[in-house]
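Reviewing the structure listed below.
Laboratory data are not the source of any read-out in this text; all were calculated from the coordinates shown. Since we're looking at a predicted model, the values are computed, not measured. Ideal geometry is used to build each Cβ from the backbone, glycine not excepted, and the neighbour counts take in all protein chains shown.
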Amino acid sequence: MALALQTFATVKDANAALKAQGSRYLGGGTLVVRAANEGDVSVSGLIRSTEPSLSAIVVAGGKVRIGASVTMAAIGGHPELGMLAKAARAVGGPAIRNMATIGGNLFAPAPYGDFAVALLALDATVSTEESETPIETFLANRDGSRAIVTSVGFTLPPQGGFRFLKVSRVKPKGISVLSIAAVLQQAPDGTISSAWIALGCMADRPMRARAAEKALLGRKLTEDGVAAALAAAGEGTAPITDPIASAWYRAEVLPVHLGRLLLA
Amino acid sequence: MELRKNYFADVRKDDLHEIGQPRPRSDSPGHVTGKTAFFADRTFPGMLHLKMVRSPHHHARIRSIDTSEAEKHPGVVKILTAKDVPHNVYTILILIQVGPEDETVLADGKVRWKGEAVVAVLAETERAAQEAAAKVKVDYEVLPAVFDMEEALKPGAPLVNEYHGQNYYLYDSGECRKVRFGDVEAGFAGADHVLEQSYQSSPIEHAPTETTGCVVTPEGNDRFTCYTNTQAMFFTLDNTSIILQMPGSKLHFVGGTVGGGFGGKVDVIVEPIAILGAKLTGRPVCFIYSREEEMQISSPRAAEKVVIKDGVMKDGRIVARKVTGYTDAGAYSRHSPYGAQKGAGHYPGPYTIPNVWIDTYCVYTNRTPSSAMRGFGVTIGDFALEVQMDKLARLIGMDPLEFRFINAYRDGDMKAHRQPTEGAALIECMQEASRAANWPVAEKYLAMSSYVKGA
Amino acid sequence: MAKVPVQFTLNGSETAEFVDSGTTLLHTLRDKIGDTSPKGGCHQGTCGACSVIIDGELRLSCLTLAETCDGAVISTTSGLSENGILHPLQRAFLDTFATQCGFCTPGMIMAAKVLLDHTPNPSRDEVVEALSGNICRCTGYEPIIQAVLTAARSNSQNAA
Amino acid sequence: MAIRRGRGVAAINYPTGMNLGGDPTQALVHSTPTGNFMVTLSSVDLGQGMKQIMAQICAETIGVPTDRVVVDTADTDTGPHCMGTFASRGTHRAGNAVIQAAREARQVMLEVAAEELEVNASDLETDGQGKILVKGAPQKSISIFDVALSAHFKRGRSISGRGMFLIPRSYPEKETGAMKPSTCYAHACTVAEVEVDDETGEVTVLTVKNVFEIGRALNPKMVEQQLVGGSWMGISHALYETTEPYYPNRDHGGTDFNQYLMPGPGDLAETEIIVLERPSADGPYGAKGPGEMCANPQIPAVANAVFDAVGVRIDTLPITPERILRALKAQAAN
């Protein structure tokens, strides 16, 4: 079977077409077209939708909704999403960022998917035609997910409340040794009142660092204050081993990089 | 870049017209306009795409190959197995009498590394070839494999390659290439310090931006034109002639514009099977490595292990050096026996040492065959030698750069392989490095010269 | 096999082709149209040799399906010089000896062109970032970075 | 956290050409009717600039500007045999073959010019600009354009030459290993300066200062290209590259340019290149082969610099952050 592309004006029609065996949704092409080029013969039909809402970014009242077809470049260049620019620009080189979509990033296996790490820290929700799912649940079930992701929504954290770090061997563009995103809220006295920390490469998909989050509550961002969080950073992680680094290395340097991110 | 003309001015004529001039490159205008024709920039009507079915096992016996389903796949034109290749067992250096023939173009009865070519599929499109390749059924009996050179050299290790009969290349000098100069044991006995250290590398890929490949077209007169990015035109033509049992006069190779080589395109892998495909189908054929094939299937630089034992005096003289080098050839020879032998000629490095013992082994393991790469036989050896030099200097409390001056070879010094040194320039390089890096050394070293001892 | 009509502007010329559905833009440009300036170095999106400019944005033609480019404006390195006069970037690549094997060069020039179109006087870091998706194995990148900076300088001198 | 700095040195030599010789290359040179020169070879240009260098060598030898020379190479129907482009042999072997062929062609050219000018060929010289002059009487001259026309249409001569370069093969003596691996050697000394992050094992190469002795820089800008790129590859080998990161285990081999690590444009060391020229006895205009050698000395220099910085020896390539970190932890445990 040759590869064939079908384009639909609505997500609804595209969803219906996706039921056919061997069909995959085409976002920016960085995952699916690559797989086909590399001889993945399980992909025989590509489906896409040109519904305009898929490409929209809506920021209103502190809430953000980003259509699934929005590219990393569009996020990186959006005037109201400046705080996310670092995470969006962490994905690939310029050409990849002009193609790779936020929807696709949700499905990218580690060490890819750095932006999904940011979305996890932002406690985003992932929408399809039918449902709206917390991102953590979505990521856990993504392998069996068939419905087209239409958008991702989240609440903008307060100014300076979002931190992101990607560690790569190759600069400025390399895939992750690990990535860390954190959304922190501080009480007037500087103590942490809320902490959401997400990790990339510490499992086969983005994961929360719950023990570290907990250990930060009520503490200040000082060397002593973060010590317990760093000690707990690895809890529940199962880092990947790949050509970039071993699980051992990732586990060893996670607290180091988390410390640098928190104390920066 | 800075040319330091003050060095060796007495032996050099600098009044040339064209030599020494920074003339613009004649090929660059083609590069910047995208007009330069690389081999894959030629396409022919009716061209078939060749995809290889590869071994998923490191070492296995092939019980059977079933291509019936693949043959029926739409778009498939021809499927090739070992029996289709006229002279299927070959080795590239046979042209310079380095044998035995030890490698199959397409696996025959056995695979010896994960990724080895087993069946070639020729189809109308790349996609059809990929789909049909997935339908080829090969029944394997998995055999024990060996990956570690030391394990491979132990008695009872799985035999990697029957054409050799043992897991090392047999030189005319025996299990290794040897150099014996002076009395190395006496040197160690008389040394103030003896230091033995072991160094290791792993395989390295050339990673040219253009992958290995060729496009072949039948000329209609029983000749075949092969557009290729080989690094060696006649080397490839002559080996193809042997493998296909086809007179060289039937073969026309066109190349010479290559998107990076670094030694990775000296093997003869894609051309013979693509030409065979063109011959048996009468159609143009392209066989271009995917990036994954370039990374994991094409020969890498061999992994090497180098053990160096040195005897050194407190005054900085190295009095004895014993080097044992192991080159991980993978499953087949390709250029590795040559590389290991090149190491024997290179050690003990650019230093004058009175007692030297060198053994270099070419070892077979069940991994991707290694071959030529920029500096092979020397690159990893230089890493080992120069880290060892640093350790020796620190052992005797001497500046590492000064330590090298003491031992540097100079014109007339006898090398371990019994050639007198000519044209040495190590000392001058180190003198200039001392200046450029602001790494001061004693005046006496700055006064040295490669020309004559004691000067 | 269904053929799909595709129409786009390539280097200023209206171009129409029937392609097999699912064909990449890279294959279409090279094998159907005959513009071989984009190179297929990996077909994975990891080398940048196939880079082209689509509607003003740098894209990888190996991961772009031709039929998604209907109505697009596409530029490739082969269309960069006008009336035989090299583009300042091409001139700079020559003058600074920034090409060796030449396989990465068309992609590098595309990446650099998009940068200079948006940022006429880039910093070194901006050049580095712009080239970061393009692999070169020969030069060690420095000559290419210098070429882009040189082209930017010559542009601003011409503008002045 | 501490960023610790260190520096290391390495000095090396490297043989030019195929080990033990026995690797021939041939060349043909002929003039066109209007005095342009065609070099015919089967040598391969990998991007190092073989075609340009052969043109300059031919031009120098014949005595014409380089843009009067065209190199036709790597077509087995037309080009005579070349062993191939590897082992730092291209410039040395093919260059010598081109010189020999060009000398023969030059001799015919001078003979035809001598007939036209009614002097002895031995009394003629070229000005490098396209003219042949009588030594000591430069007002008496003839253009190479006219000489070629005369050779073709009047005198019936072929301004052409054949070149062949072969270093006889050396066979190592079995027991002692006495042999002749090469006829000439290039040299280098590199000093590398690094920073090592002692909490992550990450290495940044700050500077490399490379001194290369290459016999003769036939085209200095092209030499620079190769040496700068080679220096980058040496650093890459030292710190990044492997197809089998867990060797001898075969798992996790990289299959793309994201997984196969090489320094990116944001990882570049400040690189200084200094070139010395001690012409080799048998090289074309003294040239040696620097193509492979230039990527070697950075590897041990960086390894030694890492030790200088953090006091641990990594004797296994590549020197990854993981290997350094493991060694630092072992050091701390002791």
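Evaluate the charge dipole of the stretch C:88-159 about its Cα centre and quote only its size in Debye, nearest 20, assuming +1 on the Cβ of each Lys and Arg and -1 on the Cβ of each Asp and Glu. Walk me through the intermediate numbers first.
Values: 5 positive and 6 negative charges, 35 e Å.
The calculation lands at about 160 debye.
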### Query
What share of the DSSP beta bridges in chain D is antiparallel, in percent to the nearest 5?
80 percent
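Would you list C:Thr76, C:Thr9, D:Thr255 from fewest to most Cβ contacts within 10 Å?
Numbers: C:Thr76 24, C:Thr9 15, D:Thr255 21.
By the 10 Å Cβ count, ascending, the order reads C:Thr9, D:Thr255, C:Thr76.
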### Summary
Protection proxy (average C-beta count within 10 Å per residue), highest first, orders A:81-88, C:43-50 as C:43-50, A:81-88
### Task
Report, as a whole number in µm² per second, the diffusion coefficient that Stokes-Einstein gives for the stretch D:179-271 at 10 °C and 1.306 mPa s using the Kirkwood radius over alpha carbon pairs.
101 µm²/s
#### Entry: For the stretch D:184-196, 3J(HN,Hα) per residue [Karplus equation, 6.51 cos²θ - 1.76 cosθ + 1.60, θ = phi - 60°, Hz, x = Gly/Pro]
8, 10, 8, 9, 7, 9, 10, 10, 10, 10, 10, 10, 10
### Query
Quick one: if the Förster radius is 45 Å, what FRET efficiency do D:Arg162 and B:His87 give, using the C-beta to C-beta distance and rounding to 0.05?
0.85
## Note on the structure
Pairs over 29 Å Cα to Cα, from B:Lys265/B:Lys342; B:Lys305/D:Lys329; B:Lys5/B:Lys305, come to B:Lys5/B:Lys305
### Task
For the stretch A:4-49, just say rounded, prolate or oblate: build the C-alpha gyration tensor, square-root its eigenvalues into a ≥ b ≥ c, call rounded for a/c under 1.5, and beyond that prolate if a/b exceeds b/c, oblate if not.
oblate
#### Entry: Choice from D:Tyr285, D:Tyr185, D:Tyr260 showing the highest fluctuation, given a GNM over chain D with Cα pairs closer than 10 Å
D:Tyr260
### Interchain or long-range residues, amide H under 5 Å from B:Ser26's placed H
D:Gln52
#### Entry: Rounded tilt (10° steps) of D:321-333 against the dominant C-alpha axis of chain D
40 degrees
### Query
Taking every residue in D:301-309, how many Cβ atoms of other protein chains lie within 10 Å of its Cβ, on average?
3
## Note on the structure
Checked against the positive end of the charge dipole of the protein assembly as shown (+1 on Cβ of Lys and Arg, -1 on Cβ of Asp and Glu, about the Cα centre), the farthest of D:Gly136, B:Thr324, A:Ile148 is B:Thr324
### Query
Where q = 0.20, 0.23 Å⁻¹, what log10 of I(q)/I(0) comes from the Debye formula for the stretch C:88-159, counting one point per Cα?
-0.71, -0.96
### Task
Mind computing the radius of gyration and Dmax over the alpha-carbon atoms of the protein assembly as shown? Å is fine for both.
30.8, 104
### Query
Helix hunt in chain A: which complete DSSP H runs extend at least 20 Å axially by C-alpha with mean Kyte-Doolittle at least 0.5?
A:247-263
### Query
Dipole size in debye (nearest 20) for chain D around its Cα centre, Lys and Arg Cβ +1, Asp and Glu Cβ -1?
760 debye
### Task
Please name which of D:Asn249, D:Val312, D:Val108 has its Cα lying farthest along the dipole of chain D towards the positive end, using unit charges on Cβ (Lys, Arg +1; Asp, Glu -1) and the Cα centre as origin.
D:Val108
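Which of A:Leu221, C:Leu149, D:Leu46 comes first, and how do the rest follow, when ranked by fewest Cβ neighbours within 10 Å? Intermediate values should be presented prior to the final figure.
Numbers: A:Leu221 16, C:Leu149 19, D:Leu46 28.
Ranking A:Leu221, C:Leu149, D:Leu46 by Cβ neighbours within 10 Å, fewest first, gives A:Leu221, C:Leu149, D:Leu46.
With +1 assigned to the C-beta of every Lys and Arg and -1 to the C-beta of every Asp and Glu, and no other charges, what is the dipole magnitude of the stretch A:52-155 about the Cα centre in debye, to the nearest 20? Working shown, then result.
Details: 7 positive and 8 negative charges, 65 e Å.
Around 320 debye, computed over the stretch A:52-155.
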### Message
Going by amide H atoms built from the backbone, whose H comes under 5 Å of the H on C:Gln100, apart from near neighbours?
### Response
none
### Query
Given H placed on each backbone N at 1.01 Å, which residues far from D:Cys82 in sequence or on other chains put an amide H within less than 5 Å of it?
B:Phe234, D:Gln26, D:Ser42
### Query
GNM, chain A, Cα, under 10 Å: largest mean-square fluctuation among A:Gly62, A:Gly234, A:Gly200?
A:Gly62
### Query
At A:Thr50 and C:Asn158, where each label point lies 7 Å from the Cα along Cα→Cβ, what is the point-to-point distance in nanometres?
3.6 nm
### Query
When ranked by the protection proxy of mean other Cβ atoms within 10 Å per residue, highest first, what sequence do the peptides A:172-179, C:67-74 form?
A:172-179, C:67-74
### Query
HN-Hα J couplings of the stretch B:77-89 from phi, Karplus 6.51/-1.76/1.60, θ = phi - 60°, integer Hz, Gly and Pro as x?
10, 7, 10, 10, 10, 3, 5, 7, 8, x, 10, 6, 9
### Task
Specify the angular offset, from 0 to 90 degrees and rounded to the nearest 10, of the alpha carbon long axis of helix D:50-62 from the longest principal axis of the alpha carbons in chain D.
40 degrees
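Per residue of the protein assembly as shown, what 222 nm ellipticity follows from adding -39500 (n - 2.57) for every DSSP H run with n ≥ 4, rounded to the nearest 500? Show your work: numbers first, answer last.
On the way: 34 runs with 327 residues, N = 1213.
Estimated from H runs of four or more residues: -8000 deg cm²/dmol.
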### Query
In degrees from 0 to 90, rounded to the nearest 10, what is the angle of the helix D:298-310 Cα long axis to the longest principal axis of chain D?
20 degrees
### Query
What whole number of Å gives the distance from the Cα centroid of the stretch D:239-272 to the Cα centroid of the stretch B:275-291?
32 Å
### Task
Arrange A:Val117, A:Val253 by Cβ neighbour counts within 10 Å, fewest through most, would you?
A:Val253, A:Val117
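Within 10 Å of each Cβ in peptide C:45-56, how many partner chain Cβ atoms are there on average? Round it to a whole number, please.
Taking the mean over all residues of the peptide, I get 5.
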### Summary
Hull surface over four for the Cα convex hull of the stretch A:176-264, reported in nm², is 5.0 nm²
### FRET efficiency, A:Asp13 to A:Arg210 (Cβ-Cβ, R0 45 Å, nearest 0.05)
0.65
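For chain D, what does the relative contact order come out to in percent, with C-alpha contacts under 8 Å and a separation of six or more? Working shown, then result.
On the way: 784 pairs, mean separation 84.7, N = 334.
Reported as a whole number, the value is 25 percent.
When you count, for each residue, the other Cβ atoms within 10 Å and take the mean per peptide, how do D:70-81, B:294-305 rank with the highest first?
B:294-305, D:70-81
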### Query
Averaged over peptide C:28-36, how many Cβ atoms belonging to another chain are found within 10 Å of each residue's Cβ?
2
### Summary
Phi angles of the stretch A:39-47, converted by Karplus (6.51 cos²θ - 1.76 cosθ + 1.60, θ = phi - 60°) into ³J(HN,Hα) in whole Hz with x for Gly and Pro, give x, 6, 7, 6, 8, 10, x, 10, 10
